[in-house]
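Input: a single structure, listed below in structure tokens.
Nothing in this text is a laboratory measurement; each read-out follows from the coordinates by a stated rule. Remember, it's a predicted structure, so these values are computed and weren't measured experimentally. Please note: Cβ atoms are built from the backbone with ideal geometry, for glycine as well, and neighbour counts cover all protein chains shown.
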Amino acid sequence: MDEKAEERPSGVAHGLRAFQHRDYAYFWLGALISNSGTWLQNLTLPFVLLEITGQATWAGIAAFASIFPSVLLGPLAGNIADRFDRRKVLIIGQSLAAAAALLLWIVWISGVREPAAIVAVAALGGIIGGFTIPTWQSFIPLLVPVEDLPSAITMNSLQFNAARAVGPAFGGALIALVGPAGAFLANALSFGAVVTALLIINPGATRQVKDPKPVIKGFVEAIRYIRTQPGIALGIAIAAVVASLGFPIITFVVVFARQVYEVDEVALGLLSGLLGVGAILGVPLVSGMFGDMPRGSIIRFALPTYGLAVVVFGTSTSAAQGAVGLLLAGAAFISIVATSNTAVQSIVAEHIRGRVMATRIMTFTASYPIGVLIQTRLSDVLNSPRLVVTVAGSIIVVIGLALATKPAILARLDDPTDTSLPVA
């Protein structure tokens with residue numbers, strides 16, 4: 001028997017091995033606090049728009065305006081991630097995002113209740129975030145050695161989804177106690193945590209391979225590169241399916257809580273938080289606590305399960321059934337997104353990582369706002385949010401089952417790392 005195999009960490013220690021690295025641990029904690037504030041705002045924004053207008057469409061417009069700018073900025077943002085020091089880019093970007101969040105709070109306490117004005121300020125935050133998202137994703141591999149990258153990516157997904165649980169749950173209570181103004185202010189202040197963490201991180205430990213290509217040429221190069229890597233292309237495509245068809249339930253939680261379940265703000269916050277709780281429950285599977293499973297095998301099971309969970313939520317008439325669907329959706333979601341992200345990050349060559357991650361993020365962030373905009377509009381036109389969500393979930397089930405019959409295709413998610421260097 002191989003002695004090294006016997007000494008290799010397993011179980012909880014194996015799954016949490018990324019936290020052995022000081023800089024990663026600091027960044028993870030700061031990101032958890034900051035993202036909790038972001039999710040607090042992600043609950044508060046559709047809530048106030050639904051209260052002001054009574055239309056789910058405005059909630060969809062807000063989600064679109066907050067996220068879609070990152071699609072347009074993707075080529076430039078990916079170039080920034082590969083050209084400049086990622087730590088410095090994040091410090092500047094997160095500081096500006098804090099200023100945008102503070103502006104939203106100022107607009108609200110000033111008495112502005114025009115939905116277009118509120119959405120415009122939210123869009124400003126989306127524009128700023130669009131510059132930094134690829135850098136954020138590309139920064140994580142600099143904090144851990146390559147053998148700990150799967151743990152680092154999964155734990156990053158964990159903090160994102162833990163924030164998705166904590167933020168809305170806290171937000172529902174905060175809205176009930178002090179109103180939306182307190183929630184908007186809390187989000188602005190939360191950015192201080194991640195900026196502090198970035199300042200603490202050792203700059204010398206995050207050196208990267210830089211490839212300063214012109215923006216358009218660099219982006220075209222990334223597209224051509226993805227076409228030569230089937231595992232990366234598949235990981236991006238799977239994320240797009242999940243984002244466009246299933247991820248809109250984040251916005252529909254507000255719609256269902258007010259129009260279907262007719263529950264109060266506290267219950268709304270708890271329901272929104274269940275997506276994050278479910279994601280936390282799914283972490284042991286994808287972190288390696290039960291052993292390292294092939295990424296293709298995880299997707300084969302998780303994708304149709306996610307579709308089924310969306311159907312359970314979509315067909316619900318009670319908060320109890322909706323809660324079951326949300327818990328299951330959260331667990332399946334992290335399994336899919338963390339696994340597909342790990343596939344892309346594990347396969348891609350370091351010199352082009354920022355631009356490839358920008359392309360992945362562009363695909364995801366284009367798919368989600370377009371999906372939520374279409375689904376919320378159909379919900380108003382058909383006057384049936386339950387029908388719209390159920391059909392979307394059913395389509396995911398069909399796609400998932402179709403992929404499950406193609407194990408050779410899913411196996412490409414486990415392709416080896418590309419060690420090529422940038423071409424002069």
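With each pseudo-label sitting 7 Å past Cα toward Cβ, what's the residue 199-residue 401 distance in nm, one decimal? In this crude spin-label approximation the distance works out to 5.5 nm. To the nearest ten degrees, helix 74-83 and the longest principal axis of the Cα atoms of the chain are 40 degrees apart. For region 302-316, putting each phi into the Karplus relation 6.51 cos²θ - 1.76 cosθ + 1.60 with θ = phi - 60° gives couplings of 6, 5, x, 5, 4, x, 4, 5, 5, 5, 4, 5, x, 8, 6 Hz, in residue order, rounded to whole numbers and with x for Gly and Pro.
Among 305, 390, 359, a tally of other beta-carbon atoms within 10 Å of each Cβ gives an order, fewest to most, of 390, 305, 359. Could you state the angle between the C-alpha long axis of helix 180-200 and the longest principal axis of the C-alpha atoms of the chain, as a value from 0 to 90 degrees rounded to the nearest 10? Approximately 10 degrees, to the nearest ten.
Pairwise Cα distances in region 268-424 exceed 23 Å for 46 percent of all pairs. Go ahead and run the numbers for FRET between residue 381 and residue 224, Cβ-Cβ distance against an R0 of 30 Å, rounding to 0.05. Plugging the Cβ-Cβ distance into 1/(1 + (r/R0)^6) gives 0.15. Largest mean-square fluctuation among 265, 350, 147, in a Gaussian network model of the chain whose springs join Cα atoms under 10 Å apart, belongs to 147. Ordered by the number of other Cβ atoms lying within 10 Å of each residue's own Cβ, fewest first, 96, 234, 382 fall into the sequence 382, 96, 234. If you take the charge dipole of the chain about its Cα centre, with +1 on Lys and Arg Cβ and -1 on Asp and Glu Cβ, which of 140, 358, 332 is farthest toward its positive end? The residue sitting farthest along the positive end of the dipole is 358.
Placing unit charges on the Cβ atoms of the charged side chains and taking the dipole of region 350-424 about its Cα centre, the candidate lying farthest along the positive direction among 409, 420, 398 is 398. For region 130-181, the Cα gyration tensor yields ellipsoid semi-axes of 32, 14, 6 Å (square root of five times each eigenvalue, largest first, whole Å).
The P(r) of region 25-88 has a tail past 17 Å containing 61 percent of all C-alpha pairs. Each Cα pair under 8 Å and six or more residues apart adds its sequence gap; the mean of these over the residue count of region 270-424 is a relative contact order of 37 percent. Packing around the peptides 316-329, 251-264, taken as the average count of other Cβ atoms within 10 Å per residue, puts them in this order, highest first: 251-264, 316-329. Semi-axes of the equivalent ellipsoid of the chain are 32, 25, 21 Å, computed as sqrt(5λ) over the eigenvalues of the C-alpha gyration tensor in descending order.
For the chain, a simple Cβ point-charge model (Lys and Arg +1, Asp and Glu -1, everything else neutral) yields a dipole of about 780 debye relative to the Cα centre. Placing R0 at 30 angstrom, the Cβ-Cβ distance between residue 72 and residue 52 gives a FRET efficiency of 0.65 after rounding to 0.05. Listed peptides 220-230, 334-344, 274-284 appear in the order 334-344, 274-284, 220-230 once ranked by packing, highest mean of other Cβ atoms within 10 Å at the front. For the pair residue 321 and residue 216 in one chain, pulling the backbone fully straight at 0.36 nm per residue adds 33.0 nm over the alpha carbon distance.
Helix content alone sets the calculated 222 nm mean residue ellipticity of the chain: runs of n ≥ 4 DSSP H residues at -39500 (n - 2.57) each, divided across all residues, give -26000 deg cm²/dmol.
Summarising the label geometry, the points placed 7 Å from Cα in the beta-carbon direction at residue 147 and residue 419 lie 1.5 nm from one another.
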